[in-house]
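In what follows, a structure is listed as structure tokens, so that the remarks can point back to it.
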Amino acid sequence: MGIKDKSIWARDILSFLETAKSGTISGTAQANAMKQSNLSKSLKNFEERLKCQVLERTHSGVRLTQNGREVFKLACDLDKAIYKVKNFVVSDKLVAGKIRLWTSEGLGTGYLSSFLPEFLQKYPDVQVEIICSLDSPDSIHETDMAIVYDEPDLDDSEIVSKYELKFGLFASMEYLSQFGYPKSLKDLQENHRICDRVNYVDVWPKWRKFIDGTKHIAATTNSSAMLLRMTRDGVGIGLHPLGIGQQESGLIHLSQPNLELSHPFWIISHKESQNLPKIKALIEHILEVTSPQ
């Protein structure tokens, strides 16, 4: 098989991979600046050459067939090979290049910002790309490292370290000057305004019980960044990671009433990139500046 034939196979395999991961032909085409008709033709040709159906069309998009699941596993090897080549470094001592970090929106970004300045000052030839999302990744083959809040069980990754993220209540000085400092948990529930992130009740039964007994929910959001902004602007009292809230000069940590909560998180790295100088340097830096619980 010559270069031309291999390039056609590679194009169709990658088209299949991206479509299978997104679950939609139109979405894949748009995300990759392709015409939908060209992508559909590529997928059709791919199935004809394989002599089997790999994607089942549904009213909401596409999903893998049984044959498709088997082909998907094989096709991931091409994705991994491309990843390795893209991350190839000629000198094994050169700490340079781009590092892609995945984190959940809001929480992880606050943690990352605490250790990145010193790292980037030490390694100025490294560029960090932070990918934020509300959904946990099914695979990190397109990222070098990730911060996840569910115990990882990914075939392509290994745990760097585990930590405990502690949360506490915060209010702005403007809010406290208007409504006063809560005297007790009951006072907080009956006489104060609370800003809530919608998924917190699914994370902590204790928080759900607190919210169920609270009379004034001022605002809710699915974004940690928006929750922090609303707390800063005096909309209400919010629950935030201690490290993030304490960095905000305009916020006061309400140590009383005591409603501190915690949640574990893991830093994981891609198996195939662990020995790259830039990744080794970042892992070593993280382990130096943070203390696992």
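Of Cys52, Cys195, Cys132, the sequence from fewest to most neighbouring Cβ atoms within 10 angstrom is Cys52, Cys132, Cys195. Between the range 143-182 and the range 232-293, how many Å separate their Cα centres? Each part's Cα centre sits 6 Å from the other's. Rounded to the nearest 20 debye, the dipole magnitude of the chain is 660 debye, with +1 charges on Lys and Arg beta carbons, -1 on Asp and Glu beta carbons, and the Cα centre as origin. Helix 36-50 versus the longest principal axis of the chain: what is the Cα-based angle in degrees, 0 to 90, to the nearest 10? The two axes meet at around 60 degrees. Taking a straight line from the alpha carbon of Lys6, these lysines sit under 20 Å away, with near neighbours fewer than eight places off in the same chain left out: Lys41, Lys44, Lys51, Lys73, Lys80, Lys84, Lys86. Relative contact order for the range 3-79 using alpha-carbon pairs under 8 Å, separation at least 6, rounded to a whole percent? Relative contact order for the range 3-79 comes out at 32 percent.
Across the chain, the mean sequence separation of Cα contacts (distance under 8 Å, 6 or more residues apart), normalised by length, yields a relative contact order of 21 percent.
Rounded to the nearest 10 degrees, the inclination of helix 3-22 to the longest alpha-carbon principal axis of the chain is 30 degrees. Straight-line reach only, C-alpha to C-alpha below 20 angstrom: list the lysines that Lys186 could link to, leaving out same-chain residues fewer than 8 apart. Within the straight-line cut-off, Lys186 pairs with Lys206, Lys209, Lys215.
Each residue, Asp233 and Leu185, gets one label point 7 Å from its Cα in the Cβ direction; the gap between the two is 3.1 nm. Considering only Ala96, Ile194, Val160, the residue lying farthest towards the positive end of the dipole of the chain is Ala96, judged by Cα position with unit charges set on Cβ.
Between Asp77 and Glu174, the simple label model (points 7 Å from Cα in the Cβ direction) yields a spacing of 6.0 nm.
Values quoted throughout were computed directly from the atomic coordinates according to the rules given, and no laboratory measurement underlies them. The structure presented is a predicted model; accordingly, all values stated were derived computationally and were not measured. Backbone-built Cβ (ideal geometry, glycine too); neighbour counts: all protein chains shown.
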